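Nothing in this text is a laboratory measurement; each read-out follows from the coordinates by a stated rule. In this text the structure is predicted, and so the values were computed from the model without any measurement. Heads up, the Cβs are rebuilt from the backbone with ideal geometry, glycines too, and the neighbour counts pull from every protein chain shown.
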Amino acid sequence: MAVYIFMLGWVVVWGIMSQITARQVCVGNEVYEKRVNLFIAIITFSVIIFFAGLRSGVADTYAYISMFKEYPLWSDAYEFITDPDAREPGFRIFSILIKTYISQDYHTWLFIVASISGVCIMYPLYKYSCNYGMSVFLFMVSCQFTWLLNGMRQFLVAAILFACTPLILNKKPIPYFVIVLFLSTFHTSALIMIPAYFIVSSEPWSKRTMVFVIGIILAMLFTSQFTSLLDTVVENSDYASSMEEFKDVDDGTNPVRILVESVPIIIAFIYRNKIKDKLTPIIKISINMSLIASGLYIISKIARSGIMLGRLPIYFSLYNSILLPWLISNVFEKNEKRLVYYTMIICYLGFFYFQMCVAWNGLEYVSDILNLWY
């Protein structure tokens, strides 16, 4: 835990510094918000990339390292890549190219993946968050940063799509879909973002979003049929083996996680009339993304499918780090904001402790480069 506490402390200190040095900029229609200095934004987030990139252990990292060691070099990779039983070849090709032309050391490979993922998370937070320091803090204490350590292939895809947010804002579906299809060769779950595009690009609480809510209710009512359909969909994906291995112990997403991830959308719904005239394009998208994330988390609990469905919300819940600081800034009066901020910080720190120390029994961290073993 010492490494993660250090990371959190770094983020808090530099996050505060980023807000102190932030300046007011116009974000459209005479709406002004604070935006941070790029250099300090990089410094704030760098600690996450640093430790994620230099790890040599943690959760499924061991499996990824073994996989990388088995990858052939490009000259011997044809049969390996064209194997009809090989699933999602994009990540394999990407990794083999790194191994062939950059380095055969898995440390370099892990650092490249962590750097790409980290930068793709940092950029939208830097560009769109009204409180960058708070956004990075939320990314840490909500434990979303652990995706860089466990499940890095899917998170690489989710992070890149998060960085493609401008394509949604500028209503450019074709290039967005092309990127989604390309990334689906890294992880097939990326395909969920094609139908999601049409939901999140609509107005919050519109008919499209209500259709999604109705879909959640129907999924709850017909859980067994819904789960069977999902089994069929992922039969040929990497999820299949995971589901088979863990289906007897998988009881769905932790209710505490569901509650934490649902806080932004609950606030947005309660105060929807108060904020409707203040909504910016990125916040509209973030509200819809948050709604989808909460819906998927709820379904994963009802369907007892935390291994599969419980991983899909990461494509959407990343937007909570943009949404929640904006809501606190625009919903509450000046005298209330400080109390809300303090309450939020205490509650999220409590969740951080619960998730890291209780639910995960203290998440290990191993780095032979840094000579760290926790």
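Label point 7 Å out from Lys127 along Cα-to-Cβ: which residues of the range 321-352 have amide N under 15 Å? The answer is 322, whose backbone nitrogens lie closer than 15 Å to the label point.
In the chain, how does Rg compare with the Kirkwood Rh, expressed as the Rg/Rh ratio over alpha carbon atoms?
Value, to two decimals: 0.95.
Listed by chain and number, the lysines whose C-alpha is less than 28 Å from the C-alpha of Lys69, apart from same-chain residues fewer than 8 away, are Lys99.
For a paramagnetic label modelled on Ile20 (point 7 Å from Cα along Cα→Cβ), amide N atoms under 20 Å away belong, within the range 314-345, to 338, 342. Distances between placed amide hydrogens fall under 5 Å for Gly57 paired with Val366, all partners being 5 or more residues away or on another chain. In the range 272-374, Rg over Rh equals 1.07, where Rg is the alpha-carbon radius of gyration and Rh the Kirkwood radius from pairwise Cα distances. Per-residue 3J(HN,Hα) values for the range 74-91, derived from phi via the Karplus relation 6.51 cos²θ - 1.76 cosθ + 1.60 with θ = phi - 60°, read 4, 5, 10, 9, 4, 5, 5, 6, 8, 4, x, 8, 6, 9, 6, x, x, 5 Hz in sequence order (x marks Gly and Pro). With the crude spin-label approximation of a point 7 Å out along Cα→Cβ, what separation in nm comes out for Asp85 versus Leu73? Modelled inter-label distance: 2.7 nm.
Between Asn335 and Lys278, take the C-beta separation as r, use R0 = 25 Å, and let me know the FRET efficiency to the nearest 0.05.
For R0 = 25 Å, the calculated efficiency reads 0.85.
If we count other beta carbons within 10 Å of each Cβ, what is the order of Glu79, Glu203, fewest first?
Lowest to highest Cβ neighbour count: Glu79, Glu203.
Extension gain, Ser103 to Val366, is 92.6 nm, computed as 0.36 nm per intervening residue step minus the present C-alpha separation. Taking each residue as 0.36 nm, the span from Ile5 to Asn150 lengthens on full extension beyond its C-alpha to C-alpha distance by 50.4 nm. Dividing the summed helix terms, -39500 (n - 2.57) for each DSSP H run of n ≥ 4, by the number of residues in the chain produces a 222 nm estimate of -20500 deg cm²/dmol to the nearest 500. Structure remark: mean-square fluctuation, Gaussian network model of the chain, C-alpha springs under 10 Å; the largest value among Ala158, Ala196, Ala293 belongs to Ala196. Under 23 Å of direct C-alpha separation, and excluding same-chain neighbours fewer than eight residues apart, Lys34 reaches these lysines: Lys127, Lys274, Lys276, Lys278, Lys284, Lys334, Lys337. Across the options Met134, Val180, Gly57, the greatest Cα extent toward the positive end of the charge dipole of the chain (unit charges at beta carbon of Lys, Arg, Asp, Glu) belongs to Met134.
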